[in-house]
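Worksheet for the structure shown next.
The values are calculated or read from the model by the stated rules, or taken from the named source; none is laboratory data. This is a predicted model, so every value here is computed, not measured. We place every Cβ from the backbone using ideal geometry, glycine too, and count neighbours over all the protein chains shown.
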């Protein structure tokens with residue numbers, strides 16, 4: 001494959017369907033929920049306005065109609081479903097390794113602007129959806145990634161719990177752009193089933209995925225060279241990434257990886273501390289992002305009985321050779337406090353300095369050092 005990754009396609013009219021049956025239903029549902037909590041009221045109003053708009057108008061598919069096309073290359077071990085809807089091309093069951101490109105379409109929604117200005121957290125003023133999925137041979141995807149990376153180290157990112165393929169593609173696209181990694185980014189999707197109530201099921205699928213993730217890491221290192229593959233994992237995916245690197249260190253100690261980034265990692269802090277001496281020798285750096293208002297990690301601590309690596313307040317001085325970035329001074333831009341890698345521009349800017357400029361924490365903007373290996377990222381002034 002050569003040239004640009006995202007090619008123009010023939011426009012076709014399409015209506016958004018699924019979440020809202022009519023504008024009236026959306027508004028009635030919103031009015032009932034609004035009374036529960038002021039913060040939830042903002043979300044409800046935004047959702048009602050969004051659904052009403054989408055129910056009344058066809059979804060535009062060309063740049064002339066206000067749509068910009070974006071997306072990410074992917075590797076996945078999900079099953080294929082045979083569904084004609086691109087958002088459901090891959091399911092939540094286990095499958096073989098597949099690769100390709102996930103295309104995203106975007107439409108600006110001016111109706112949300114006033115809501116976003118008043119909300120206590122970030123409400124996007126645009127809607128993203130999976131417009132197309134293009135399965136492609138893995139070697140072709142890697143060849144194109146090598147071409148678009150232009151000698152820089154690419155990043156392979158994997159997601160966390162409660163992420164189906166469609167949601168994962170959208171969030172991976174936003175992260176790629178926030179960190180300024182277009183052309184150097186690849187998304188690995190394991191078979192999370194996208195259900196909020198199936199945490200233990202997702203944990204089982206994550207553990208099943210670790211060997212595939214480890215083998216993919218080795219394959220990328222062989223393709224791009226020693227120290228030329230960066231890795232990132234969010235939440236439960238951060239746990240999977242650590243376990244995969246540990247497997248690589250045990251099976252292939254000759255492999256040398258680049259920078260490893262763990263975003264809100266849902267992993268036992270003490271387990272990570274025990275594994276660290278095994279994985280540290282084969283990576284250039286490890287950076288862990290933590291926050292004190294991360295509600296999903298607080299729940300995970302209650303479920304597992306032990307603090308999570310992504311929570312603030314742990315004795316991180318025990319993590320020799322690891323930079324810990326505490327984001328607790330930033331404005332909480334999502335209701336859960338768990339998605340700062342998607343919603344906080346400061347985090348994207350910090351990732352860019354780390355992964356594109358190669359700067360250590362002590363040299364990056366808006367950093368306040370509060371411990372030997374602990375920094376607090378400050379708000380942009």
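Summed over the range 278-295, the residues that are free of Cβ contacts under 8 Å to residues at least 40 places away in the same chain and assigned to a helix (DSSP H, G or I) give a count of 4. Within the range 173-198, the set of residues being in contact with a helix residue (DSSP H, G or I) (Cβ under 9 Å, 6 or more places away or on another chain), outside any loop (DSSP other than H, G, I, E, B) and under 28 Å from residue 249 (Cα atoms) comprises 175, 185, 186, 187, 188, 189. The single residue among 254, 266 that is over 11 Å from residue 158 (Cα atoms), in a loop (DSSP other than H, G, I, E, B) and free of Cβ contacts under 8 Å to residues at least 12 places away in the same chain turns out to be 254. Out of everything in the range 81-97 that is free of Cβ contacts under 8 Å to residues at least 40 places away in the same chain and either in contact with a helix residue (DSSP H, G or I) (Cβ under 8 Å, 6 or more places away or on another chain) or part of a strand (DSSP E or B) (or both), what residue ends up being surrounded by the most Cβ atoms within 10 Å (Cβ to Cβ)? Among those that are free of Cβ contacts under 8 Å to residues at least 40 places away in the same chain and either in contact with a helix residue (DSSP H, G or I) (Cβ under 8 Å, 6 or more places away or on another chain) or part of a strand (DSSP E or B) (or both), it is 81. Applying the criterion of being part of a loop (DSSP other than H, G, I, E, B) and out of contact with any helix residue (DSSP H, G or I) (no Cβ under 7 Å at 6 or more places or on another chain) to the residues of the range 327-346, the residue that is farthest from residue 293 (Cα to Cα) is 344. Flag set for residue 353, criterion: part of a helix (DSSP H, G or I) and in the same structural domain as residue 289 (by TED's automatic domain parsing). Take the residues in the range 347-359 that are out of contact with any helix residue (DSSP H, G or I) (no Cβ under 7 Å at 6 or more places or on another chain) and more than 16 Å from residue 227 (Cα to Cα), then tell me which one is surrounded by the fewest Cβ atoms within 10 Å (Cβ to Cβ). That would be 352. With respect to residue 194, is the statement that it is surrounded by fewer than 24 Cβ atoms within 10 Å (Cβ to Cβ) and under 14 Å from the mean Cα position of the chain (by Cα) true? Against the criterion (surrounded by fewer than 24 Cβ atoms within 10 Å (Cβ to Cβ) and under 14 Å from the mean Cα position of the chain (by Cα)), residue 194 qualifies.
Is it true that residue 147 is on the phi < 0 side of the Ramachandran plot, touching a strand residue (DSSP E or B) at 6+ places or on another chain (Cβ under 9 Å) and either surrounded by fewer than 18 Cβ atoms within 10 Å (Cβ to Cβ) or in a strand (DSSP E or B) (or both)? Criteria not met by residue 147. The set of residues in the range 300-330 that are surrounded by fewer than 22 Cβ atoms within 10 Å (Cβ to Cβ) and in contact (Cβ under 8 Å) with a residue 60 or more places away in the chain contains only 303. Within the range 300-318, which residues are in contact with a helix residue (DSSP H, G or I) (Cβ under 6 Å, 6 or more places away or on another chain) and either closer than 25 Å to residue 358 by Cβ or not in a strand (DSSP E or B) (or both)? Once the filter is applied, which keeps residues that are in contact with a helix residue (DSSP H, G or I) (Cβ under 6 Å, 6 or more places away or on another chain) and either closer than 25 Å to residue 358 by Cβ or not in a strand (DSSP E or B) (or both), the range 300-318 yields 307, 309, 310, 314, 318.
Collect the residues in the range 331-342 that are within 20 Å of residue 163 (Cα to Cα) and buried (at least 22 other Cβ atoms within 10 Å of the Cβ), keeping them in residue-number order. Break it down into steps so the answer makes sense when it comes.
Looking only at the range 331-342, we keep the residues that are within 20 Å of residue 163 (Cα to Cα), and these are 333-342.
Answer for the range 331-342, where residues must be within 20 Å of residue 163 (Cα to Cα) and buried (at least 22 other Cβ atoms within 10 Å of the Cβ): 337, 338, 339, 340, 341.
Within the range 283-299, if we keep just the residues that are surrounded by 21 or more Cβ atoms within 10 Å (Cβ to Cβ) and in contact with a helix residue (DSSP H, G or I) (Cβ under 9 Å, 6 or more places away or on another chain), the residue that is farthest from residue 349 (Cα to Cα) turns out to be 283. Of the residues examined, residue 260 is one that is in a strand (DSSP E or B), free of Cβ contacts under 8 Å to residues at least 60 places away in the same chain and either in contact with a helix residue (DSSP H, G or I) (Cβ under 9 Å, 6 or more places away or on another chain) or crowded, with 18+ Cβ neighbours inside 10 Å (or both).
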